[in-house]
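Okay, structure first, notes after.
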Amino acid sequence: MAREGRVLCRFALLFLFACFIFPTVLYKSISPKSPRTNNPVVVSSRTRKSVELTDNTNNTNNSTMLQKVLTLMKALADSSSPKNCVKPSIDEFPDDFMTQNQRQKQGGVVIHFLLALYMFVALAIVCDDYFVPSLEQITDKLHMHSDVAGATFMAAGSSAPELFTSVIGVFITKSDIGLGTIVGSAVFNILFIVAICGLFAGSTLRLSRWPLLRDSLCYLLSIVALIAITYDKNVFWYESLVLVCMYLLYVVIMYFNQSLEGCFQRLTGFEEGDKDLPKNSSNDEEGKSLLRNEESSNPSESYQEEEVQIIDKDEDSPFSVPEGLISRSLWIVALPLTCLFYVTIPDCRKERWEKWYLVSFFVSVVWIALLSYVLVWMVEIIGFTLGIDDVIMGLTFLAAGSSVPDGISSLIVARQGDGDMAVSNTIGSNVFDILLCLGLPWLLRTTIVDTGGYVVVLSGSIIYTSISLFGTVFVTLLFVVLNKWYLNKCLGMILLFLYFAFITVATLFELNYFGDFNMPICRT
C-alpha cells in the first residue's frame, strides 16, 4: 500500500507540473508584456463591473462615474467600427461572485481553481460509479458485440466530459474551448498517459501489434479529416456529417475486429504469444489479488466471494469510512458529492436498482451536463484572470483534468502487466473524441440550430496544432516499433518529452510567434 501511495503521489505531482504549472509559467513568461488591445468596441462585462467597484472604493465623484458609464455605453452601441479582437467567452456565463481585481490581486482565482478541481472529482464519481455501469447494463440488454460496445457506449462513458465540453463550446461560449479540449485530451492520452504507464508500471510491457496498429491508423485518419475540415476555419453541415459517418465506419471495423485480426495475422505471418514479460515481485501479489477469481480452483470458494461482493454492493453506504490516512482524507473531501449522487441517482450495480438502469443513465447525463457547465465556467474565469486563451486552457487544464480518471485506470492496469489494455484504450477513446465529440455538436448546430449555417473556428493556429498532433501520433508509433513493441521507462521518458514539446509549440502558435494566426481577446 505504501508503494502504491508513493506511485500515486509521483503521478499527482507530475500531473500538476506538466498539465498546469508548466503551461501557465510558459504562457506567462513568453506572452507579450504590453496590453493585448485597447479597442473599446467590445468590453468585458467583468471588466466593467471591476471598474465600477474600484471607482466606488476610491470614492470617485458622480459626474466622473456617469461619464465613464456613458463612454462604455457609446462604445458598445457603436457597431459600425471594425472589431480587431475576440469577445471574451466569460461574458456568456453568469456574473462571478468576485471582481477581476479580487481574483487577480487578492488571490481569489485560487478558489476558482479549487472549484474546478472539485468538478473534476465530481465528474469522475458520476462517470465511474453511475454512468458507466448504466451503459454496461444497456449493452447487456441489447446483446451488443463486446468490441462494438467498447467503441460506442464504453467510449461515451469515458469521454462524456469531453463531449459536454464540446457542446458547451459550440452552443454557449461559441469559442474553441471544446476543440482545444478534444485536441489536448488526445495529446494527453497518447503521450502523457502512455508515458506514465511506461515510467511507473514497474515492469517492461509488451504491446500487441494489431490493436495498436488498428487504433493508430483510425486515429491518424481522424486527424487528417479534422485538419481538412478546419482548414478554412468554417465547418459546414456536410463536413460534420463526414466525421459522424467516419465514426460509424469505425464501429463497423470494430464489429469485424476478429475477422480483420485473422486476416492481419495471415498476411503478416505473426501470431501474438505471451503479451507480457514476467513482472517484478512487488506486482505479483497485486496481480494475484485482482485475479483471485480466475485462480481459484474451488467452486464453492468462488461462489462465496461472489456472494460477499453482492452483499457489499447492497449494503454499500457513502458513510463507510475507508482505511488509511490518504483514503480517509479523500473520502472526507468527496463525501458531499458522494451523498448527493447517492440520493439522486439509482445505483444500477445493486440488485434492488438493477432494473432502473435507464433512469440512472438519464440522471447521470443531466449531472454530467451540469457539472461540465460549472467546470467550463470556472476554467473560463481562470483563463480570463490569468490572461490565458481558451484554446490553451482546453489543451492543458481541461483536457488533462477530464482524462485523469482514465490515466489512473491505465496506470493500474499497466502495473498488472496488461500493456495492450493500457495503451489501446487511450488511443481508441481519441477516435471517439475527434469524430463524435466534435462532429455531433457541429452537425446539430448546422442542421437544427442554424440551418444552412456554419461553425466558425476562431483559432487560426488550431490547424497547425492538429498537424503537430498528427506528427506526435506518427512519431509515437515509430518509437514503439523501434523499441521492438516494448513499453519501458526509456520510451516513457521520450513520450513525456514529446508532450512538453507539443504544449510548448501549441503555446507559441497561440501567441502568434510563428505568424499572425489569432486575434487578441478584447480588454480595456
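The values are calculated or read from the model by the stated rules, or taken from the named source; none is laboratory data. Note that the structure is predicted; figures quoted are calculated from it, not measured. Reconstructed Cβ throughout: ideal geometry from the backbone, glycine too, with neighbour counts over all protein chains shown. Note: accessible area is taken over every heavy atom of the protein model, side chains too, but ligands, DNA and RNA are not part of it. Shrake-Rupley method; radii C 1.70, N 1.55, O 1.52, S 1.80 Å.
With kT/(6 pi eta Rh) evaluated at 4 °C and eta = 1.567 mPa s, and Rh the Kirkwood radius from Cα pairs, segment 354-425 diffuses with a coefficient of 88 µm²/s according to Stokes-Einstein. Extending 7 Å from the Cα toward the beta-carbon at both Asn488 and Phe474 defines two label points whose distance is 2.8 nm.
Projected label points at Thr447 and Val224, each 7 Å from Cα along the beta carbon direction, are separated by 2.5 nanometres.
Just subtract the alpha-carbon distance of Phe17 and Ile172 from 0.36 nm times their residue separation and send over the number in nm, one decimal. Show your work: numbers first, answer last.
On the way: separation 155, 0.36 × 155 = 55.80 nm, distance 3.03 nm.
Between Phe17 and Ile172, full extension yields an extra 52.8 nm.
Computed 3J(HN,Hα) for segment 327-335, one whole-Hz value per residue from the Karplus formula 6.51 cos²θ - 1.76 cosθ + 1.60 where θ = phi - 60°, is 5, 5, 5, 5, 5, 5, 5, 8, 4, glycine and proline marked x. In a simple Cβ point-charge model (Lys, Arg +1; Asp, Glu -1; nothing else charged), segment 153-232 has a dipole of about 300 debye relative to its Cα centre.
A cut-off of 5 Å between modelled amide H atoms, ignoring neighbours fewer than 5 places along the same chain, links Val457 with Asn234, Val235. Considering all alpha-carbon pairs of segment 140-262, what whole percent are spaced by more than 22 angstrom? More than 22 Å apart: 47 percent of the Cα pairs in segment 140-262. Working note: Cα gyration tensor of segment 362-512, eigenvalues times five, square-rooted, sorted largest first, giving semi-axes of 30, 21, 17 Å.
Each Lys and Arg contributes +1 and each Asp and Glu -1, all at the Cβ; summed about the Cα centre of segment 372-519, the dipole is approximately 440 debye.
Projecting the alpha carbon convex hull of segment 316-408 along each direction and taking the average yields 7.9 nm². Each principal axis of the Cα cloud of segment 446-490 was evaluated for its coordinate range; sorted largest first, these ranges are 51, 22, 15 Å. Every Cα-Cα pair in segment 86-205 was counted, and those over 26 Å apart are 42% of them.
Take segment 337-483 with all the other protein chains still there, run a 1.4 Å probe, and you get 35 Å² of accessible area per residue.
Distance from the alpha carbon centroid of segment 179-228 to that of segment 432-484 works out to 14 angstrom. With 5 Å bins beginning at zero, the pair-distance distribution over Cα atoms of segment 190-259 amounts to 3, 13, 17, 18, 14, 14, 11, 6, 3, 1 %. Here Leu241 and Glu323 are evaluated by their C-beta separation; at R0 = 45 Å the FRET efficiency comes out at 0.30.
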